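This report concerns only the one structure given below.
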Amino acid sequence: MFGTRPEIVKLAGVVRLLGPAARTVHTGQHYSPALSAAFLDDLGLGTPAVQLDVGGASRGRQIGEATAALDAHLTDDPPSAVVVQGDTNTGLAGALAANAGGFPLLHVEAGLRSFDRAMPEEHNRVLVDHLADVCCAPTETSRANLLAEGVPDERVLVTGNTVVEAVLELLPDPSDRPDLLARWGLRARGFVLATFHRPENVDDPHTLATILRALADLPLPVLLPMHPRTAARAARFGLGTVAGGLRLCEPLGYAEFLGLAAECALLVSDSGGVQEEASVLKRPVIVVRRSTERPEVQGTFATLVPPGPGICELAADWIDGLAALHARLEHEPCPYGDGTASARTVAAIRELAAS
Ligand code: UD1
Ligand code: UDP
């Protein structure tokens, strides 16, 4: 089950390996074509077997409506097991529906913890982990988080993160990247790629203006594909002029985004997936957040900076020593595995479904 852009990215390999045994269900939490249909196409999933229509709503309503719709679907056509990913409202709804119907549940990307109770995702992921029969933890750190909360060891499996194989599969060949750069008038290692969508960064006018101003002050061109949430807030808050110095665009397709991420000087982002991808692509990322559920990349590929002038200060520092920074990161290992997480997850799904 999936419903948002990152869930499609991280479940694509699992669905592909399951083949005809997989039935895909999209809740419709993300409904704009740039975040749903484009990703289903890019990741080779095509049209989901079941398309629900939850759409944008308050968190409680999104979870409630998705749970009810998924419960009805599972009752009509019972599966051998249910698979959810990550920490979205869709993931929690899928877990609740599986639990209500008595279906075995596997959680992909289990055990991440920011210990920040202001984040809806923290509550979602804790609840899903405790409902799941199998928790596929990407790293030993996430496994330790689960054990510390009393999740029994036999329910936890360290698999790596499925994002690694998504990147390896979709990353454009170096020979195709000059065309991608030319499309945006950018130079390799001569631009910043930025993404923002976290409520704490985009729902408050002052914070969003602070971030946009910091980006506009960077000494390199900044390409900012706008998540629909961010675009809606920037328009509502009248921030068009603040964003004037930036190259704004619609959300990019996955392959194009990866190609540009591999060629940028640095990333500035509040995305979880982008931090993991940076560790595969060996690019530095300024993470505009106050807490993180991804400690594995902090201090190597990623550095937390709260919204404010610190963004410019750190970016300027990195740009000053860019060649040395990139050379150092080339030798940093990716903490999320070797591209076999989907295969390990599928083995666990088969075992769970047969039990
Ligand atoms: C959701 C997830 C977040 C994940 C992100 C990935 C939760 C609690 N949040 O956040 O963890 O990192 O997806 O991108 O599940 N909108 C559109 N078109 C769309 C989707 C959203 O216009 O296709 C706009 C709507 O105004 C909507 C708002 O964005 O109300 C928020 O969308 P929502 O799915 O609730 O949360 P995200 O911010 O996308
Ligand atoms: N992404 C993309 N195009 C964009 C911005 C992001 O393909 O214009 C991809 C990015 O590579 C990552 C995923 O979207 O795989 C992350 O989604 P998002 O930041 O919305 O969610 P999060 O990972 O924070 O949950």
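The values are calculated or read from the model by the stated rules, or taken from the named source; none is laboratory data. A quick note: this is a predicted structure, and the numbers were derived from the prediction, not measured. All Cβ positions, even for glycine, are placed from backbone atoms using ideal geometry, and neighbour counts span all protein chains on display. Surface accessibility is based on the protein's heavy atoms, side chains included, excluding ligands, DNA and RNA. Shrake-Rupley method; radii C 1.70, N 1.55, O 1.52, S 1.80 Å.
How big is the dipole moment of the chain about its Cα centre under a simple scheme where the beta carbon of each Lys and Arg is +1, that of each Asp and Glu is -1, and everything else is neutral? Debye, nearest 20, please.
Computed about the Cα centre, the dipole is about 620 debye.
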Dipole check, the range 1-158, charges on Cβ (K,R +1; D,E -1), about Cα centroid: among Val9, Val134, Thr75 the Cα furthest to the positive pole belongs to Val9
Which one of Ile349, Gln51, Gly244 has its Cα pushed farthest toward the positive end of the charge dipole of the chain, where Lys and Arg give +1 and Asp and Glu give -1 at the Cβ?
-> Gly244
Over the range 7-153, give the accessible area per residue in Å² for a 1.4 Å probe, as an integer.
-> 39 Å²
Expressed in whole Å with the largest first, what are the equivalent ellipsoid semi-axes of the range 97-217 derived from the C-alpha gyration tensor as the square root of 5 times each eigenvalue?
-> 36, 22, 13
In the full protein assembly as shown, how much of His206 is accessible to a 1.4 Å probe, in Å² to the nearest 10?
-> 140 Å²
Contact order relative to length for the range 242-355, counting C-alpha pairs under 8 Å separated by 6 or more residues, stands in percent at 21 percent
Summarise the accessible area of the range 1-134 (1.4 Å probe, protein heavy atoms) by the percent that is carbon and sulfur.
-> 54 percent
Simple spin-label estimate for Ala49 and Arg61 in nanometres, 7 Å along Cα-Cβ | 3.1 nm
Taking only the C-alpha atoms, wrap a convex hull around the chain and report its volume per residue in Å³ as a whole number.
-> 124 Å³
Rolling a 1.4 angstrom probe over the protein heavy atoms, how many square angstrom per residue are accessible across the range 181-283?
-> 34 Å²
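For n ≥ 4 DSSP H runs only, could you compute -39500 (n - 2.57) per run for the chain, divide by its residues and tell me the 222 nm figure to the nearest 500?
Numbers: 16 runs with 166 residues, N = 355.
Rounded to the nearest 500, the figure is -14000 deg cm²/dmol.
With a 1.4 Å probe and every protein chain kept in, tell me what percent of the accessible surface of the range 224-355 is carbon plus sulfur.
After summing per-atom areas, the C and S share lands at 55 percent.
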Could you work out the relative contact order of the chain, using alpha carbon pairs under 8 angstrom and six or more residues apart, expressed as a whole percent?
-> 17 percent
Placed amide H near Gln29: partners under 5 Å, 5+ positions off or other chain = Val54, Gly55
Please give the length that would be gained between Arg328 and Glu154 if that part of the chain were fully extended, namely 0.36 nm times their separation in residues minus their C-alpha to C-alpha distance (nm, one decimal).
-> 58.8 nm
